[in-house]
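The values are calculated or read from the model by the stated rules, or taken from the named source; none is laboratory data. On a predicted model such as this, the values are computed, not experimentally measured, just so you know. Cβ placement follows ideal geometry from the backbone for every residue including glycine, while neighbour counts extend to all protein chains displayed. Just the protein is used for accessible areas: all its heavy atoms, side chains included, with ligands, DNA and RNA removed. Shrake-Rupley method; radii C 1.70, N 1.55, O 1.52, S 1.80 Å.
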Amino acid sequence: MFRSTRVPRPLRLLLALFALLAPLAAACGKEGSPPGKGPAAEKLPHYQVAQGFSLPGSRTWTRAKKRGYLVVGVKEDQPYLGEKDPATGTYAGFDIEIARMMSASLGFPPRTIRFRTIASANRETALQNGQIDYYVGTYTINANRKKYVGFAGPYYLAGQSLLVRGKENDIHGPQDLDGKRVCSAAGSTPYQRIKADYPKAVLVAYDTYSVCVDNLLTYQVDAVTTDDAILIGYAAKVPDELKVVGRPFSKEPYGIGVPHADTALRLALDDALQARERDGDWKQAYDATLGLSGVPAPHPPAIDRYPAS
Ligand code: GLU
């Protein structure tokens with residue numbers, strides 16, 4: 001869309017910014033027009049809802065059953081993963097599909113899910129306070145977080161990477177970040193890794209990565225860092241303005257966050273993931289969402305059924 005060389009650069013940048021932020025601005029949504037290369041709705045799997053499913057050992061499940069629907073925490077500004085259409089309020093992406101297939105396995109029709117957008121820094125609190133039943137949003141499983149929440153999965157393996165402007169020539173990897181302004185989301189593992197391992201980088205934190213990208217396009221920061229899966233989505237929206245550079249420099253196994261004490265729910269979700277990986281739903285969901293970024297479906301990582309602590 002922004003390929004024409006006759007459009008002056010400042011205008012191109014503005015247009016690019018608009019294209020990137022349009023899905024987030026309610027006023028700009030055109031009815032029935034999915035974002036650029038949005039999920040292929042007709043290709044999404046139809047998840048079989050488990051009949052007569054019961055999980056009395058799970059407080060979360062029992063409470064949701066009484067309530068009549070699940071409340072699931074997600075992201076809303078991560079293309080191909082978790083993205084909210086401002087016109088319709090509908091969420092789409094790979095994480096959203098994982099949330100839906102899990103709902104069906106727990107006996108709740110996916111269309112009844114109430115999605116709540118929760119930023120990276122607020123996930124543990126949201127699960128601890130019972131604001132959400134589970135969380136699916138590029139949520140890395142690690143030992144520190146396991147002190148506060150439980151994780152089913154992993155269901156995908158990402159890696160930390162860097163997003164820069166298309167014309168950037170100096171940044172090829174994290175070793176080039178000395179003195180550069182690098183943006184990431186507060187409370188995220190990529191933010192923590194830059195802080196610990198690349199202390200000469202000038203770190204800037206916002207609640208969301210889309211604000212970081214906005215800052216990158218307007219020359220207020222030099223790079224955005226987070227998982228490759230997330231960055232590829234932003235780059236795909238404005239390929240003439242942004243590029244992902246270097247090789248991933250961490251392992252980010254994505255898990256489904258659950259309340260810490262609810263081992264019954266965690267293990268039921270592990271079973272459900274395993275079943276959906278076996279019956280092809282996982283791959284079909286991937287192909288219709290994250291797969292649109294051009295990365296073919298990998299083998300899902302082995303599920304880690306760790307003992308309750
Ligand atoms: N996967 C990383 C994390 O959980 C970065 C992505 C995110 O912030 O959701 O911190």
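Between ALA275 and LYS251, the distance separating the two model label sites (each 7 Å from Cα on the Cα→Cβ line) works out to 2.9 nm. Carbon and sulfur atoms: what percent of the 1.4 Å accessible area of segment 63-102 do they account for? Roughly 49 percent, rounded to a whole number. Placing dummy labels 7 Å off each Cα toward the beta-carbon, the span from GLN128 to THR218 is 3.4 nm.
Distant-in-sequence amide contacts of ALA201, defined by a placed amide H-H separation under 5 Å and a gap of 5 or more residues or a different chain, comprise GLY179.
In this structure, the amide hydrogen of VAL149, modeled 1.01 Å from its nitrogen in the peptide plane, lies closer than 5 angstrom to no residue at least 5 positions away or on a different chain.
Given a Förster distance of 51 Å, report the FRET efficiency between LYS167 and ALA302 from their Cβ-Cβ distance, rounded to the nearest 0.05. Mind showing how you got there, number by number?
Details: r = 41 Å, r/R0 = 0.80.
With R0 = 51 Å, the Cβ-Cβ based efficiency is 0.80.
The trypsin sites (Lys or Arg not before Pro) of segment 191-223 that meet both conditions, a loop assignment by DSSP and at most 16 other Cβ atoms within 10 Å of the site Cβ, are LYS200. Take THR112: with every protein chain present and a 1.4 Å probe, its accessible area is about 40 Å².
With every protein chain present, what is the per residue accessible area of the chain (1.4 Å probe, Å²)? Display every interim value, and only then the final one.
Values: 14190 Å² over 309 residues.
Result: 46 Å² per residue.
A simple packing score, the average count of other Cβ atoms within 10 Å per residue, orders the peptides 123-129, 232-238 as 232-238, 123-129, with the highest score first. Distance between the modelled labels on LYS243 and TYR69, one decimal in nanometres: 4.5 nm (7 Å Cα→Cβ projection). A Förster distance of 30 Å, applied to the separation of the beta-carbon atoms of ARG59 and ALA143, puts the FRET efficiency at 0.80.
When the P(r) of the chain is calculated, the portion above 32 Å amounts to 26% of the C-alpha pairs. Shown in residue order for segment 40-51 are the 3J(HN,Hα) couplings computed by the Karplus curve 6.51 cos²θ - 1.76 cosθ + 1.60 at θ = phi - 60°: 7, 3, 6, 9, 5, x, 9, 8, 5, 7, 4, 8 Hz (x for Gly and Pro). Any idea which of TYR139, GLN51, HIS172 is furthest toward the positive side of the dipole for the chain, if Lys and Arg beta-carbons carry +1 and Asp and Glu beta-carbons -1? Final value for the positive-end residue is GLN51. What does a probe at THR88 reach in segment 274-295, counting residues whose amide N is under 15 Å from the point 7 Å along Cα→Cβ? Counting backbone N atoms under 15 Å from the label point, the list is 289. Proximity of backbone amide H atoms, modeled 1.01 Å from N, is registered between LEU162 and VAL245 at under 5 Å, excluding neighbours fewer than 5 places apart on the same chain. Applying 0.36 nm per residue to the separation of SER309 and VAL295 and subtracting their alpha-carbon distance, the gain on full extension is 1.4 nm.
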